[in-house]
1. Looking only at region 11-41, count how many residues are assigned to a helix (DSSP H, G or I), loosely packed, with under 14 Cβ neighbours inside 10 Å and of a type in the set (Gly, Ala, Ser).
2. So is Lys60 touching a residue at least 12 places away in the same chain (Cβ under 8 Å) and over 12 Å from the mean Cα position of the chain (by Cα) or not?
3. How many of the residues in region 47-66 are in a loop (DSSP other than H, G, I, E, B) and surrounded by 14 or more Cβ atoms within 10 Å (Cβ to Cβ)?
4. Tally time: how many residues in region 1-39 are among the aromatic types (Phe, Trp, Tyr) and at pLDDT 90 or above?
5. Please list, ordered by first then second residue, the pairs with beta carbon atoms under 7 Å, 6 or more apart or interchain, first in region 16-41 and over 20 Å from Ser53 (Cα atoms) and touching a residue at least 40 places away in the same chain (Cβ under 8 Å), second among the small types (Gly, Ala, Ser) and in a helix (DSSP H, G or I).
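The values are calculated or read from the model by the stated rules, or taken from the named source; none is laboratory data. Remember, predicted model here, so these are calculated numbers, not experimental data. Note that each Cβ is placed from the backbone with ideal geometry, even for glycine, and that neighbours are counted across all protein chains shown.
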Amino acid sequence: MLVGNVNYISLTDLAKYANPEDPSGVIRNWMSSKNSFDFYSLWEEINNENFNSVESHRIKINEVPYNRFTMTPNR
């Protein structure tokens with residue numbers, strides 16, 4: 001996707017390609033991995049002045065290491 005003079009990769013477009021029937025499932029699975037959580041938590045910490053780093057750390061310690069962890073865009 002081109003915005004201005006900058007190319008962006010759309011996670012939604014990739015998910016639709018991977019699974020046209022349930023792209024949200026692809027995103028949910030990606031977001032729920034430990035490495036992904038580390039990546040987007042760091043991105044939010046750098047780019048979002050309202051990022052709740054205390055809650056992020058709590059999730060990382062108490063939920064991410066276990067199979068019950070599910071992250072969604074709304075969460």
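1. The number of residues fulfilling the criteria is 2.
2. Against the criterion (touching a residue at least 12 places away in the same chain (Cβ under 8 Å) and over 12 Å from the mean Cα position of the chain (by Cα)), Lys60 qualifies.
3. Qualifying residue count, region 47-66: 3.
4. Of the residues in that region, 2 qualify.
5. These pairs meet every condition: Ile27/Ala15.
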